Amino acid sequence: MSVAYLSGLDALTGCQHAFTDASRELVATSTRGALSGLGPVALIQFAREVEQARNSLAVLDHAIIGALEDTRAADVLTARNVTNLLADTLHLTHTDARHRVEAAAALGQRVTLGGQPLAPVRPYLAERQRAGRVTAAQARIIYKALHRLDGRPGIRPADLEEAETILASHTDTLGPKDLDGLASEISDRLDPDGDEPRDAERRRQRAVHLHDNGTITGHATAELLAKLRAVLDPLAAPRAADVDGRDKRTGGQRMHDALLDACNRLLDTNPATGRGGIRGTVITTIRLEDLMAGCGYATSTHGVRVPVRDLLAEAAHLKFLPAVLDSNGVVLHLGHAARLASDRQFAALVARDGGCSFPGCDVPPEWCQVHHVIAWRDGGATDIDGLTLACGYHHREFENRGWKSLMINGLPHWRPPVWIDATRTPILHHRITLNNRHE
């Protein structure tokens, strides 16, 4: 290891410590009273300079992500990819982590296979960001708009460079909403047919997002949209539910109820949900005291809170399968349902593990396999105390990467390899810690 390399590491560490100390000092001195003393004009200027500093730190994010990719950190630490690694170690949402990785790909410095530096994909935008003159939201609007145009017939690299320059030069004056409008205008001018997406573009953009607050967003292909209309429109027709013969639900409420009706009908048909799943049933966990009181909430495998009164009403129709937990999170009872024993075991694992039990993994239970803590070939029994949920990746890779699974006090732990933790202290997934905490 060269002297120059060690000197570079020392300089990097020194800068990091100086930055940490300076930022802490700034936070400590920037009390509400002190800031109020600046007056409105100076206070706005102070806020602008803080925002510029925050914006320029995105360049550091890009460099960190590039280094994580260069060192194959996700592979070494047994994460599925850099996005998952960031989400777990920095406690980000998966969406925020993905946005950072995408931003690094567009605006971070690149290197050749020989290690020679290359300019970012969007160099002018990257330079503006380095100067702190572009927010993360503005940058995303611009590089996503350029990405959509890239490769379209008739659009030259020079057209993209001009569009990048125009959009980036407006970041001082336009907020995200107006900047997005300008990006749409430029896209329309360069690609007049873009307002009617081609089939390939629609397939590429296809997405459905179910947010924890109940919001549903996405882009449907023509096929999905046509089938949704065919299924939902008849179910969303107005019904004479009130004494005056009018359906007082709004159009949006009728469509919501139609989607709920369609889900109920689908669950009633008892379709297989795939590998490891419970067919046609929503698995929920509920505390014994809430069940006995008939109030409170049960929690689905996706984290959705279901009122106990709704759970009790639907459980008889097998739409919900409640797993009852005591105050320590131990499964006391599984709701009766016409299921094979393996399905009921899976429900118990869902109630306890809540998804892949490998530390930091966020794969939901529906995508998991049942893993024998002691391998079947080594005499491991198919009992709840010897099973856990693991996603396909970790089920396949954990042994190859030096990890070992074990049960401690009835809960699945994972022992890391020595190069991650010299003591090899077993790790319990934080989700399982929360699911099974004493209340």
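The values are calculated or read from the model by the stated rules, or taken from the named source; none is laboratory data. Computed from a predicted model, the values in this text were never measured in an experiment. With ideal geometry, Cβ positions are generated from the backbone for all residues, glycine too; neighbour counts draw on all protein chains shown.
Hey, Tyr143 hits all of (1) crowded, with 16+ Cβ neighbours inside 10 Å; (2) within 16 Å of Ala63 (Cα to Cα) but one; which does it fall short on?
It fails just one condition, (2).
Pick from segment 397-439 the residues that are in contact with a Gly (Cβ under 8 Å, 6 or more places away or on another chain) and of a type in the set (Lys, Arg): which of them is modelled with the lowest pLDDT?
Among residues in segment 397-439 that are in contact with a Gly (Cβ under 8 Å, 6 or more places away or on another chain) and of a type in the set (Lys, Arg), the one modelled with the lowest pLDDT is Arg437.
What number of residues within segment 80-106 satisfy the criterion of being of a type in the set (A, V, I, L, M) and under 14 Å from the mean Cα position of the chain (by Cα)? Lay out the reasoning, then the answer.
Narrowing segment 80-106 to residues of a type in the set (A, V, I, L, M): 82, 85-87, 90, 92, 97, 101, 103-106.
Among the residues that remain, those that are also under 14 Å from the mean Cα position of the chain (by Cα) are: 82, 85-87, 90, 92, 97, 101.
Final tally of qualifying residues: 8.
Which one of Ala131, Ala42 is more than 22 Å from Asp362 (Cα to Cα), outside the structural domain of Gly360 (by TED's automatic domain parsing), modelled with pLDDT of 95 or more and surrounded by fewer than 13 Cβ atoms within 10 Å (Cβ to Cβ)? Break it down stepwise before answering.
Numbers: Ala42 fails: modelled with pLDDT of 95 or more.
Selected residue: Ala131, the only one of Ala131, Ala42 that is more than 22 Å from Asp362 (Cα to Cα), outside the structural domain of Gly360 (by TED's automatic domain parsing), modelled with pLDDT of 95 or more and surrounded by fewer than 13 Cβ atoms within 10 Å (Cβ to Cβ).
For segment 248-271, does any single residue satisfy the condition of being closer than 25 Å to His211 by Cα and at pLDDT below 55?
For segment 248-271, residues closer than 25 Å to His211 by Cα and at pLDDT below 55: present.
Could you list all residues from segment 111-156 that are among the β-branched types (Val, Ile, Thr) and under 20 Å from Thr173 (Cα atoms)?
Step one: of segment 111-156, the residues among the β-branched types (Val, Ile, Thr) are 111-112, 121, 134-135, 141-142, 155.
Once the filter is applied, which keeps residues that are among the β-branched types (Val, Ile, Thr) and under 20 Å from Thr173 (Cα atoms), segment 111-156 yields Val134, Thr135, Ile141, Ile142.
Only residues that are surrounded by fewer than 22 Cβ atoms within 10 Å (Cβ to Cβ), closer than 23 Å to Asp88 by Cβ and basic (Lys, Arg): list them for segment 348-403, please.
Arg396, Arg401
How many residues are within 20 Å of the chain's Cα centre (by Cα) and either outside the structural domain of Ser405 (by TED's automatic domain parsing) or not in a strand (DSSP E or B) (or both) when one looks only at segment 361-389? I'd like the intermediate steps shown before the answer.
Just the residues of segment 361-389 that are within 20 Å of the chain's Cα centre (by Cα), to begin with: 361-368, 389.
Okay, now just the ones that are also either outside the structural domain of Ser405 (by TED's automatic domain parsing) or not in a strand (DSSP E or B) (or both), so 361-367.
Total meeting the criteria: 7.
Tally up the residues in segment 34-76 that are within 21 Å of the chain's Cα centre (by Cα) and acidic (Asp, Glu), please.
3
May I ask you to list pairs of residues, at least six apart or on different chains, whose Cβ atoms are under 6 Å apart, with the first in segment 140-166 being in contact (Cβ under 8 Å) with a residue 40 or more places away in the chain and in a helix (DSSP H, G or I) and the second being surrounded by fewer than 20 Cβ atoms within 10 Å (Cβ to Cβ) and acidic (Asp, Glu)?
Partner pairs satisfying both residue conditions: Ile141/Asp180.
Cβ-Cβ under 7 Å, sequence separation 6+ or interchain: first residue in segment 68-79 and free of Cβ contacts under 8 Å to residues at least 24 places away in the same chain, partner assigned to a helix (DSSP H, G or I) and among the β-branched types (Val, Ile, Thr). Which pairs?
The qualifying pairs are Leu68/Val82; Glu69/Val82; Ala74/Val82.
I'd like the residue in segment 173-202 that is modelled with pLDDT under 80 and part of a helix (DSSP H, G or I) and, out of all such residues, is nearest to Val306 (Cα to Cα).
Per the criteria, the residue is Arg202.
Only one of these conditions is not met by Arg229: (1) farther than 30 Å from Thr299 by Cα; (2) loosely packed, with under 11 Cβ neighbours inside 10 Å. Which number is it?
If we test Arg229 against (1) farther than 30 Å from Thr299 by Cα; (2) loosely packed, with under 11 Cβ neighbours inside 10 Å, just (2) comes out false.
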